[in-house]
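All remarks here apply to the structure that follows.
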Amino acid sequence: MSQRPASITLDKTKAYLEITWDDGLVSRYPLSHLREACPCVECRGGHANMGLEHAPQDILKLAPCRSYAIIDLSPVGNYALQPTWDDGHGTGIYTWEYLRLISPQG
């Protein structure tokens, strides 16, 4: 994967995370959908459901069970983001590859 973020914006008021990729694509992730697309083992239902092949398709078509907010957003090395959500969840690591794969804008 060669795409990396050129900029990352978290808009807590409008409840979205926006990533402008180095190839010019702008991906806007609604926080409610992003939370429900969490890639951690707990949210994916075990190790057998991990990996990019189990990434949710078309996250904008998912019906989120509720609204979510990000309390904190931390970089993980230079390959991922780790949000802490208002429901107390904070173990999901969203790699650049994963975020690009689930980008609502393709």
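With a 10 Å Cβ neighbour count serving as the proxy for reagent exposure, in which order, fewest first, do Cys43, Cys38 appear?
Values: Cys43 14, Cys38 20.
Arranged by neighbour count, lowest to highest, Cys43, Cys38 become Cys43, Cys38.
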Most to least packed among 47-55, 64-72 [average Cβ atoms within 10 Å]: 64-72, 47-55
Mean separation of Cα contacts under 8 Å, 6 or more apart, over the residue count of region 1-88: relative contact order %: 20
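Going by the alpha-carbon gyration tensor, a ≥ b ≥ c the square roots of its eigenvalues, is the chain rounded (a/c under 1.5) or, if a/c is not under 1.5, prolate (a/b greater than b/c) versus oblate? If you can, show how the numbers build up before the last one.
Numbers: a/c = 1.33, a/b = 1.12, b/c = 1.19.
The shape class here is rounded.
Computed from the coordinates by the stated procedures, all read-outs in this text should not be read as laboratory data. This one's a predicted model, so the numbers in the text were calculated from it and none came from an experiment. Note that each Cβ is placed from the backbone with ideal geometry, even for glycine, and that neighbours are counted across all protein chains shown.
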